[in-house]
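Visitor: First the structure, which I've put down as structure tokens, then a few questions once you've had a look.
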């Protein structure tokens, strides 16, 4: 008896999956535990495992195409089994649901942009008389245009009903673009419509809902990082793994969260959940968008362990090999764009966490210290807060504690 293989729900936010690659082909023998295909979800590329034994009789979704959750994507049955009647009853509905997501685009029919007007050239007497008769213009405007060698049809009139008058001709710049022709050129210019990946669709949905339904407010603090830069350099002379500034911020944030548990919380509509453990999600840019792998129990781990774990998660994220366990359960989020030279920014909260910390670039700036101007390493942090959970004073106290820890980095080892 033939068995349907349906698109499974591989993550809590997954709505559809894209068949990245079929490992088994029609006619191949399949045993339980075999990998049938690789599926791109909104978070990672995951393997589709067979739970039935038999022969792969049918593939219903082509590679680089999408299927909704529970759609039929393949059929496994006995060798040579007739599935014609089965397909006749199910294919029409299934095919209507399957939307191509990443097929190769056909070559675009590229039309060259419409030619824009060139500087006017003197018209012949016959042409001039015919053209001028068809344009609403004053006799003086026509005369000046003819003397200057302008095509009066190119001149936009400012008079009544668009009539071209003397000042229009005097202020006319030969060769300027006709607005109508510009619009034509733009409409005919080449473009490319890109498919929306499952990851990008999920990012759009989650962040739109976050921004619409969560009342955000923002707090920014500037931190003197001179001591921690020197502290990091000394640590890396002895540590078994290279520790980054980002690792130090993760650790400092975790310790600050233990002192301010209201920040380490979530809004659950009928209650506020305050977490005892600190699990920090760190946004990682990948090809299709971003993912947020989670470093767990950060407050209990030494810096070297945090550094190694995050590097491993970062690598898995780039290879789209994160599991659901790797990117769920964050109680607080950090987004760092400092490596791109961004001085400061505000981040959108990543629910269900109540706060997200935006980290800017480390900059050498002049500051006043002991009544003297000196150069210091400065960093701006911006905390986005869910006002349903966190009030301004609570967020400010958290940032004050975090600032103190980063400016006196020995506290990170205590």
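Visitor: Kindly provide the set of residues from segment 319-372 that are at positive phi and more than 16 Å from the chain's Cα centre (by Cα), ordered by number. If you could, list the steps in order and put the result at the bottom.
Guide: Narrowing segment 319-372 to residues at positive phi: 320, 329, 341, 370-371.
Those that are at positive phi and more than 16 Å from the chain's Cα centre (by Cα): 329, 341, 370, 371.
Visitor: If you go through segment 2-14 one residue at a time, how many are at pLDDT below 85 and out of contact with any strand residue (DSSP E or B) (no Cβ under 7 Å at 6 or more places or on another chain)?
Guide: Residues flagged as at pLDDT below 85 and out of contact with any strand residue (DSSP E or B) (no Cβ under 7 Å at 6 or more places or on another chain) within segment 2-14 amount to 4.
Visitor: Continuing with this model, one more query. Kindly check whether there is at least one residue in segment 279-290 that is in contact (Cβ under 8 Å) with a residue 12 or more places away in the chain, more than 30 Å from residue 198 (Cα to Cα) and in the same structural domain as residue 396 (by TED's automatic domain parsing).
Guide: Taking every residue of segment 279-290 in turn, none turns out to be in contact (Cβ under 8 Å) with a residue 12 or more places away in the chain, more than 30 Å from residue 198 (Cα to Cα) and in the same structural domain as residue 396 (by TED's automatic domain parsing).
Visitor: Among the numbered criteria (1) surrounded by 15 or more Cβ atoms within 10 Å (Cβ to Cβ); (2) under 21 Å from the mean Cα position of the chain (by Cα); (3) at pLDDT 85 or above, which single criterion is violated by residue 168?
Guide: (2)
Visitor: Find the strands (runs of 3 or more DSSP E) located wholly in segment 306-414 whose residues include 1 or more that are touching a helix residue (DSSP H, G or I) at 6+ places or on another chain (Cβ under 7 Å) and surrounded by 16 or more Cβ atoms within 10 Å (Cβ to Cβ), and list them.
Guide: Ranges flagged: 332-336, 355-359, 372-386.
Visitor: Now for a separate question. Checking the structure you have, find out if any residue of segment 249-262 is surrounded by fewer than 19 Cβ atoms within 10 Å (Cβ to Cβ) and out of contact with any helix residue (DSSP H, G or I) (no Cβ under 8 Å at 6 or more places or on another chain).
Guide: yes
Visitor: I would also like to ask the following. Can you give me the ranges of the strands (runs of 3 or more DSSP E) entirely in segment 219-299 with at least 2 residues that are at pLDDT below 95 and within 30 Å of residue 200 (Cα to Cα)? Spell out how you get there, then give the answer.
Guide: Details: elements: 265-267, 272-274, 280-282, 284-286, 289-291.
So the answer is 284-286, 289-291.
Visitor: Looking only at segment 67-113, how many residues end up being at pLDDT below 85, within 12 Å of residue 17 (Cβ to Cβ) and touching a helix residue (DSSP H, G or I) at 6+ places or on another chain (Cβ under 9 Å)?
Guide: Qualifying residue count for the region: 1.
Visitor: Which of the numbered conditions does residue 149 fail, given that it passes all the others? Conditions: (1) out of contact with any strand residue (DSSP E or B) (no Cβ under 8 Å at 6 or more places or on another chain); (2) modelled with pLDDT under 80.
Guide: If we test residue 149 against (1) out of contact with any strand residue (DSSP E or B) (no Cβ under 8 Å at 6 or more places or on another chain); (2) modelled with pLDDT under 80, just (2) comes out false.
Visitor: Which condition number in (1) under 22 Å from residue 83 (Cα atoms); (2) assigned to a strand (DSSP E or B); (3) in contact (Cβ under 8 Å) with a residue 40 or more places away in the chain is the one that residue 58 fails?
Guide: (3)
The values are calculated or read from the model by the stated rules, or taken from the named source; none is laboratory data. Worth saying up front: this structure is predicted, and the values here are computed from it rather than measured. Using ideal geometry, Cβ is built from the backbone for each residue, glycine included, and neighbour counts are taken over all protein chains shown.
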